[in-house]
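J.: Take a look at the following structure, please.
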Amino acid sequence: KAAQFAEQWGWHLYLVGGAVRDLLLSETGSLLIKDIDLVVDGFHQAADVGAGVKLATALQEFYPAARLDIHGAFQTAALLWHEDPEFDSLGIDIATARTEFYPYPAANPEVEASSIRQDLYRRDFTINAMALRLTAATTPPLLDFFGGVGDLQTQQIRVLHPNSFIEDPTRIFRGVRFAIRLGFHLETQTTDYIRYAINSGVYDRTAQANPKTPALQTRLKTELKYLLQAPYWRSALELLSDLGALQCIHSTLKLEPELVRQLQLLERCLQRFDVTHSQHQPQLIHWQLRLETIIAAIAPQFRQPVAKNLQLPEDVIERLANLDRSQTQILSSLPTFDRISQVVQLLKQFDLSMLILIAVRCRNRNIRRQIWRYLTVWAHIQPPLTGNDLRRLGYKPGPQYRQILDNLLAATLDGVVIDRDTAEAFIK
Ligand code: ATP
């Protein structure tokens, strides 16, 4: 339908980006695509510079179940189908080829080729810079100006121009993501361009709070999220580290053996925790905890600025700011306790993610075990009597209930109270 509308207005419509790559990679030539990127091109009236928006608006009228979002003046529009059984959360982005306005008819193939070519040249890698023409074509429908098909065959991630990573350092993270996800390798010169960009200090733009580049920090966070929530996150981190690209998070950040050890412990902890406690606890956000563990490997004074820079949620920023103080408090107090109730009293002041962070950072196995016992067992123990029982036993309702129940809980944790009888005896 989109192609029909475009043709009706005398434009060309292309499928671009990841969908073309994935179609060419799919063995059957068919694929369920959830994110479709379209580019409109070939218009010849100044009024048509908003072609993408005009097309999206027409499509929305045709498919009223879709939600239409327009980004920026005349730039791009998105159609989203949520919970629609027919479309199953499909998203279509429609952009207007980013080019100068050409005062020639769209039928002129040179003009057409030059504007879609420019649009594709602004993209990241050759395999993501191909277009498939959806409107009637006189030439073959696949546009591959930069050798994307060849790179798909030789399984290479190749950047389009030498300055690409200097222009946008988040492309380093994208390149690593595609390389690991597709089982491809970074082409040699592309690797050199990445190293060159890092050596020339490109990370200053991503790793430092810069009010001028909030979009860059947002993109970095998005890329980190994609990488750290993927099953291949370890290999991705290793490759980023080999390239020196972790400096884009902070100039001192390296994947030292100690950080690798912590990340391994974190995985064990997350797996066991999800199995044991998925119903009782808020779901842990795995990628975010991996990122927090990584940020926590930086010197304490830089953690909060890095988290802020990456626009992480407030609770994460606060946790990283308080991590050192909380860790010192826990590591110095736990060894002095001889009762479980003391451990619970202390640890209940901290949130689950903070305790997991501290546990994975802690080298003392005993302390780690105590935190783990607390999280999985002790934190869930209840005293054998409730407020209702106290009322039944003749205690007057009031603030003393809290005190009695707290004492009862401590006695239960410490094994003094074991059932309702010992509990009743205890409170008397
Ligand atoms: P995925 O399958 O992971 O969604 P994708 O290729 O569709 O991969 P998107 O992030 O949705 O990735 O981006 C769509 C297209 O936009 C890419 O294929 C690429 O052509 C272009 N693109 C995205 N981010 C950048 C960037 N930082 N620099 C240049 N081009 C980009």
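Coordinate-derived values only; no laboratory data. All figures in this text were calculated on a predicted structure; none of them were measured in a lab. When we count neighbours, we look across all protein chains shown, and the Cβ atoms used for this are built from the backbone with ideal geometry, even at glycine.
J.: Return 354, 130 ranked ascending by Cβ neighbour count within 10 Å, so the fewest neighbours appear first.
T.: 354, 130
J.: Turning to a different aspect of this structure: Taking the Cα centre of region 271-428 as origin and charging only Cβ (+1 Lys, Arg; -1 Asp, Glu), how large is the dipole, in debye to the nearest 20?
T.: For region 271-428, the charge dipole is close to 240 debye.
J.: Would you be so kind as to identify which of 334, 427, 270 lies farthest towards the positive end of the dipole of the chain, taking Lys and Arg as +1 and Asp and Glu as -1 on Cβ and the Cα centre as origin?
T.: 427
J.: Take the chain, connect every pair of alpha-carbon atoms lying under 10 Å apart with a spring to form a Gaussian network, then pick out the residue of 219, 392, 363 with the largest mean-square fluctuation.
T.: Sorting by GNM fluctuation, first place goes to 392.
J.: Still on this structure, please answer the following. Between residue 80 and residue 27, what is 0.36 nm times their sequence separation minus the Cα-Cα distance? Round to one decimal in nm. Could you put the intermediate results ahead of the total?
T.: Details: separation 53, 0.36 × 53 = 19.08 nm, distance 2.77 nm.
Taking residue 80 through residue 27 to full extension adds about 16.3 nm, to one decimal.
J.: Using only alpha-carbon positions, what ratio does the radius of gyration of region 281-428 give when scaled by 2.2 N^0.38 Å?
T.: Details: Rg = 18.9 Å, N = 148, 2.2 N^0.38 = 14.7 Å.
Rounded to two decimals, the normalised Rg is 1.28.
J.: Can you compute the modelled spin-label distance between residue 149 and residue 416, with each label point 7 Å from Cα toward Cβ, in nm?
T.: Each label point lies 7 Å from its Cα, and together they span 8.1 nm.
J.: Let me ask another. Taking 4 °C and 1.567 mPa s as the conditions, I'd like the Stokes-Einstein D for the chain in µm²/s, using the Kirkwood hydrodynamic radius from alpha carbon pairs.
T.: Approximately 50 µm²/s, per Stokes-Einstein.
J.: Quick check on the exposure proxy: order 248, 362 from fewest to most C-beta atoms within 10 angstrom. Provide the component values of the computation, followed by the final result.
T.: Numbers: 248 27, 362 20.
So the ranking, lowest neighbour count to highest, is 362, 248.
J.: Here's a follow-up. In nm, to one decimal, how far is the modelled label at residue 382 from the one at residue 349, with both set 7 Å along Cα→Cβ?
T.: Distance between the two pseudo-spin positions: 2.7 nm.
J.: How large is the dipole of region 353-428 about the Cα centre if only Lys and Arg carry +1 and Asp and Glu carry -1, each at its Cβ, rounded to the nearest 20 debye?
T.: Result for region 353-428 is approximately 440 debye, rounded to the nearest 20.
J.: Quick one: putting +1 on the C-beta of Lys and Arg, -1 on the C-beta of Asp and Glu, what dipole do you get for region 150-273 around its Cα centre, in Debye to the nearest 20?
T.: My answer is approximately 440 debye.
J.: For the chain, build the charge dipole from Cβ charges (+1 Lys, Arg; -1 Asp, Glu) around the Cα centre, then report which of 294, 51, 217 sits farthest towards its positive end.
T.: Checked the options; the winner is 294.
J.: Cut-off is 10 Å between beta-carbons; in what order do 235, 200 appear when sorted fewest neighbours first? Please list the in-between numbers first.
T.: Working: 235 15, 200 11.
The most exposed by this proxy come first: 200, 235.
J.: Shifting gears a bit: Compute the distance in nm between two label points, each set 7 Å from the Cα along the Cα-to-Cβ direction, one at residue 338 and one at residue 166.
T.: Label at residue 338, label at residue 166, 6.8 nm between them.
J.: Just to be sure I follow the definition: excluding the sites themselves, where is the longest run in the chain that has none of the GluC sites (Glu not before Pro) in a DSSP loop with at most 12 other Cβ atoms within 10 Å?
T.: Working: sites that count: 27, 83, 86, 100.
The reported range is 101-428.
J.: Could I ask something else about it? In the Gaussian network model of the chain, springs joining C-alpha atoms below 10 Å, which of 301, 400, 382 carries the largest mean-square fluctuation?
T.: 400
J.: Something else about it: Which number do you get for Rg(Cα) / (2.2 N^0.38 Å) in region 369-428? Present the calculation step by step, with values, prior to reporting the outcome.
T.: Working: Rg = 12.4 Å, N = 60, 2.2 N^0.38 = 10.4 Å.
Ratio of Rg to 2.2 N^0.38 Å for region 369-428: 1.19.
J.: By how many degrees, between 0 and 90 and to the nearest 10, does the Cα long axis of helix 314-333 differ from the longest principal axis of the chain?
T.: That helix lies at roughly 30 degrees to the long axis.
J.: Another question, if that's okay. Considering the chain as a Gaussian network with a 10 Å cut-off on Cα pairs, which listed residue, 377, 40, 306, attains the greatest mean-square fluctuation?
T.: 377
J.: Another question, if that's okay. What are the ³J(HN,Hα) values, in whole Hz, obtained from phi via the Karplus relation 6.51 cos²θ - 1.76 cosθ + 1.60 with θ = phi - 60°, for each residue of region 239-244 in sequence order, with x given for Gly and Pro?
T.: Taking θ as phi minus 60°, the curve returns 5, 4, 5, 4, 7, x Hz for region 239-244.
J.: How much of the DSSP beta bridge set in the chain is antiparallel, as a percent to the nearest 5?
T.: Of all bridge pairs located within the chain, approximately 70 percent are antiparallel.
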